[in-house]
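Notes follow once the structure below has been shown.
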Amino acid sequence: MQFWRRFKTKIRLVWQRNQRVIIFMLLGLALLAGMGIGILRQWPLVEEDSVVIQPVSREEMELVVQAQVENVLAGKYPWVLREPAQITAVEPPAPKAPAPEKPKPVAVISLEELNWPVQAEVATPFGWFRHPVYGDWRFNAGIEFNAPGQMVKTVLAGEVVSVTSSDLETELIIDHGSGWASVYRSVKGLTVVPGELVAEGQKIATAADGLVFFGLSHNGAPVNPEAFLR
């Protein structure tokens, strides 16, 4: 009994001291409860039976995924979706027909057809000879003239096939056809170039200082020119 008396006394004291606060709290709770009831009344109730889930086929799902991927690529990587450039096949140009080869002159060598390349005496004949300085035997594949400053002429018509120069001498080779060729060495002041056709007796160079070499060959083998010079 004393407990209940004390409890009632405390309740009465709390009510007297906080009467206004308690009233406002009760009014606030009532207001919140009323608002909650109104919201629940307006909230649409959805029955479980009214929700119908439509099945999606695999093709439709792939189309949806493809569309999403294309949207992402179009935003960040637009060049991926660009169509590849059209490549036009270009036919290679037709090969050019090879230029016809120049007909090489044909010469028939005889004892009366060759003119002297220079007007001078033979200083070193064709064949083996003993060197006047070193004393050893050497083979001379042509003949040599001592004719510095003289004009050097062709012995037959032909085509210039080679011109080579070094610190010591310049060499010129003319092809006369049928395997015949002539060689002119230790010359200067050339007036012809490789590939040029020359006539018989045409000036091709000037004799350099020292001995001028003239050689004649048939199919690469040296031949004594003196047997054909007139």
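Per-structure values
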item: Check on VAL133, without any contact (Cβ under 8 Å) to a residue 12 or more places away in the chain and not in a strand (DSSP E or B); result: yes
item: Wholly within the stretch 155-195, strands (runs of 3 or more DSSP E) carrying at least 1 residues that are in contact with an Asp or Glu (Cβ under 6 Å, 6 or more places away or on another chain) and of a type in the set (S, T, N, Q); result: 158-165
item: Tabulated pairs, the stretch 165-179, first in the same structural domain as LYS203 (by TED's automatic domain parsing), second of a type in the set (D, E, K, R), C-beta under 6 angstrom, 6+ apart or interchain; result: GLU169/ARG185; GLU171/ARG185; ASP175/GLU159; GLY177/LYS104
item: Condition met for ASN224 (surrounded by fewer than 17 Cβ atoms within 10 Å (Cβ to Cβ), closer than 16 Å to LEU114 by Cα and in contact with a Phe, Trp or Tyr (Cβ under 9 Å, 6 or more places away or on another chain)); result: yes
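The values are calculated or read from the model by the stated rules, or taken from the named source; none is laboratory data. Fair warning: this is a prediction, and the values are worked out from it, not measured in the lab. Neighbour counts run over all protein chains shown; Cβ positions are idealised from the backbone, glycine included.
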